[in-house]
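S.K.: Have a look at this one before I ask anything.
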Amino acid sequence: MRTHYCGELNSTHIDQQVTVTGWVNRRRDHGGVIFVDLRDREGVLQVVFDPDDAVMFSKAERVRNEFVLKVTGKVRSRPEGTVNKDMATGEIEILGLDLEILNESETPPFQLDDADVHDDIRLKYRYIDLRKPEMLERMKLRAKVTHFMRTFLEGNGFMDIETPMLTRATPEGARDYLVPSRTYPGHFFALPQSPQLFKQLLMMSGMDRYYQIVRCFRDEDLRADRQPEFTQLDIETSFMNEDDIMSIMEKLMQGMFKDVLNVDIDTVFQRMPYSEAMQRFGSDKPDLRIDLELVTISDLLADVEFKVFSSPANDPDGRVAALRVPGGNSLSRKQIDDYTKFVSRYGAKGLAYIKCNDVAAGREGLQSPILKFMPDEAIEGILQRTGAESGDLIFFGADKEKIVNESLGALRVQVGQDMNLVAEGWSFLWVVDFPMFEHDEKENRWTALHHPFTAPNIDDPAELEANAGKALSRAYDMVLNGVELGGGSIRIHRTEMQQKVLSLLGIDEQEAEDKFGFLLTALKYGCPPHGGIAFGLDRLIMLMTGTSSIRDVMAFPKTQTAACLLTSAPSTVSERQLKELSIRVRKPAVEG
């Protein structure tokens, strides 16, 4: 139907007759001459209709925004003084010789250049929202990224292999989406939270290097970077250790950023142990572009009379930490109060602070309600350890270590953003040496920090059991600008170690057989050492396009309540369908 895309035409096509198709971006009537900006996937092109052809001109007069047109015309230079440097096609236009209205459009519920459209309206009419140039560019970039991923991985010996969508429920850290079985009444499939067990089975099958760009499903509370269904790049390899896998993944990211964004990434990504990340930044996914760090001062405050500080300072599970904010002295009392409310979301009971008006003047040059509770030597130690200077502000966190890390870690990022302390560029980081287990105080049992199939850095099952609280895992997370892009690990490949880990997690032999029997059996038949990683594709595209929500880089996302406004899903189904699935729905009792 067309000879060119609108955005492809330029001055090299002058005097050529072309046919283009697309949507009306804008129509203008200037003194008897009609101008139409025609838009397609590749750009916008100006078409001019003269009144010489009365029939065609009358058609052009009927045209409105979002009509779908087919135009045949002659490419010509724009008249002097009318060149539009803001358009890629701004040096040329088409003199319309023939016009066909392929489809009319009602007035859209919003204009494409309206930046103030409510998200619910955008999602309900997503097919219109996707016509916006910025949405189109995001979809294009996403396609380029997945194309590069496939090309790179296949060039490095990886095979694209699909895994089942209908499987059995396994513990992955979130609720499963369940699918009732008609042929097995009372039984359910689960949609995969990830292909974890299947990709391990592929290694046991001798596939050696596997990848898949795969849809995953998790029934959990949503946020800006979380959706009930999402896409990940899933990777598994055999006969490779952590360094081998991380090296290939670094090359993948470097090549992709160069190919898609023309950005050069440093050759070697920084690596940081989990314990260091938590101590310095209060997070296992620190944004290293923010030059603010947490400093432990528990030893300086262990003997002060102020119990708010001394109690956690003397608690083996407590922590007292300081966060120095350069130039933070300018913060108003209202801003500090707002930050106090902010950290309360993470369990903090308050937010102490010291304003450093004149550090050289000692106590007299400081301003804070807590100064009267602190001796001079403690104040001097805090100023020295934090490196505080005149004009700075110091925030304090004092509580259980987990609360201090989470609250001050989040405050660090918020203050960094509010005070423009975030450096430009891309900061990649590997976080390594994660604890193998976390202790659940309520249930008094171990839980897996990653998942039950992650290998410990201890080869002997008996030694692992004896040192469970101190054992580290062979796990690794890739972090970009404070966002976890992907997580992976070397997997357990020996039956006795897998059984020991499940046992330490409180999963007895019968439960293990019920949930993972097929995996445990497969481990007995020559399982190779293997490991892998999975990247959140939506999060990656979100960062690369500079938007703040993964919904902006997904064609048809759900709302914050996991609903699709476009299709009105989820929806009810007929009683007949429920009966076929052997599902009975209890009707609410009638009041009165």
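S.K.: Would it be correct to say that Asp52 is on the phi < 0 side of the Ramachandran plot, out of contact with any helix residue (DSSP H, G or I) (no Cβ under 6 Å at 6 or more places or on another chain) and acidic (Asp, Glu)?
M.R.: In short, yes.
S.K.: Specify the residue that is farthest from Thr151 (Cα to Cα); the eligible residues are those in region 227-241 that are buried (at least 20 other Cβ atoms within 10 Å of the Cβ) and charged (D, E, K, R).
M.R.: Ranking the candidates gives Glu236 first.
S.K.: Only one of Gln279, Gln270, Gln254 is in contact (Cβ under 8 Å) with a residue 24 or more places away in the chain and either farther than 24 Å from Ile541 by Cβ or out of contact with any helix residue (DSSP H, G or I) (no Cβ under 7 Å at 6 or more places or on another chain) (or both). Can you tell me which?
M.R.: Gln270
S.K.: Would you be able to tell me the number of residues in region 253-307 that are surrounded by 15 or more Cβ atoms within 10 Å (Cβ to Cβ) and in a helix (DSSP H, G or I)?
M.R.: 17
S.K.: While we're on this one: Residues to consider are Ala378, Ala322; find the one that is within 38 Å of the chain's Cα centre (by Cα) and not hydroxyl-bearing (Ser, Thr, Tyr).
M.R.: That would be Ala322, the only listed residue that is within 38 Å of the chain's Cα centre (by Cα) and not hydroxyl-bearing (Ser, Thr, Tyr).
S.K.: Would you mind finding the one in Ala555, Ala534 that is crowded, with 20+ Cβ neighbours inside 10 Å, modelled with pLDDT of 95 or more and within 30 Å of Leu141 (Cα to Cα)?
M.R.: Of the residues listed, the single one that is crowded, with 20+ Cβ neighbours inside 10 Å, modelled with pLDDT of 95 or more and within 30 Å of Leu141 (Cα to Cα) is Ala534.
Each row is one residue, and each column tells you yes or no for (1) touching a residue at least 40 places away in the same chain (Cβ under 8 Å); (2) more than 21 Å from the chain's Cα centre (by Cα); (3) surrounded by 13 or more Cβ atoms within 10 Å (Cβ to Cβ).
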residue: Lys132; (1), (2), (3): no, yes, yes
residue: Arg142; (1), (2), (3): yes, no, yes
residue: Glu162; (1), (2), (3): yes, yes, no
residue: Ser181; (1), (2), (3): yes, yes, yes
residue: Gln193; (1), (2), (3): no, no, yes
residue: Gln212; (1), (2), (3): yes, no, yes
residue: Leu222; (1), (2), (3): yes, no, yes
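S.K.: Turning to a different aspect of this structure: Please return the ranges of helices (runs of 4 or more DSSP H) entirely within region 331-421 where 1 or more residues are more than 23 Å from Ile290 (Cα to Cα).
M.R.: Of the helices (runs of 4 or more DSSP H) lying wholly inside region 331-421, those with at least 1 residues that are more than 23 Å from Ile290 (Cα to Cα) span 333-344, 376-386.
S.K.: One residue is enough: does region 319-331 have a residue meeting the conditions surrounded by fewer than 19 Cβ atoms within 10 Å (Cβ to Cβ), charged (D, E, K, R) and either assigned by TED's automatic domain parsing to the domain that holds Ala398 or in contact (Cβ under 8 Å) with a residue 60 or more places away in the chain (or both)?
M.R.: no
S.K.: Of the numbered conditions (1) surrounded by 17 or more Cβ atoms within 10 Å (Cβ to Cβ); (2) at pLDDT 95 or above; (3) assigned by TED's automatic domain parsing to the domain that holds Gly350; (4) out of contact with any helix residue (DSSP H, G or I) (no Cβ under 7 Å at 6 or more places or on another chain), Met374 fails exactly one; give the number of that condition.
M.R.: Just one mismatch for Met374, condition (2).
S.K.: While we're looking at this one, here's another question. If I filter region 10-20 for residues that are crowded, with 16+ Cβ neighbours inside 10 Å, in a helix (DSSP H, G or I) and at pLDDT 95 or above, do I get at least one hit?
M.R.: yes
The values are calculated or read from the model by the stated rules, or taken from the named source; none is laboratory data. All of these numbers come straight from a predicted model, not from anything done at the bench. As a convention, Cβ positions derive from the backbone with ideal geometry for all residues, glycine included, and neighbour counts pool all protein chains shown.
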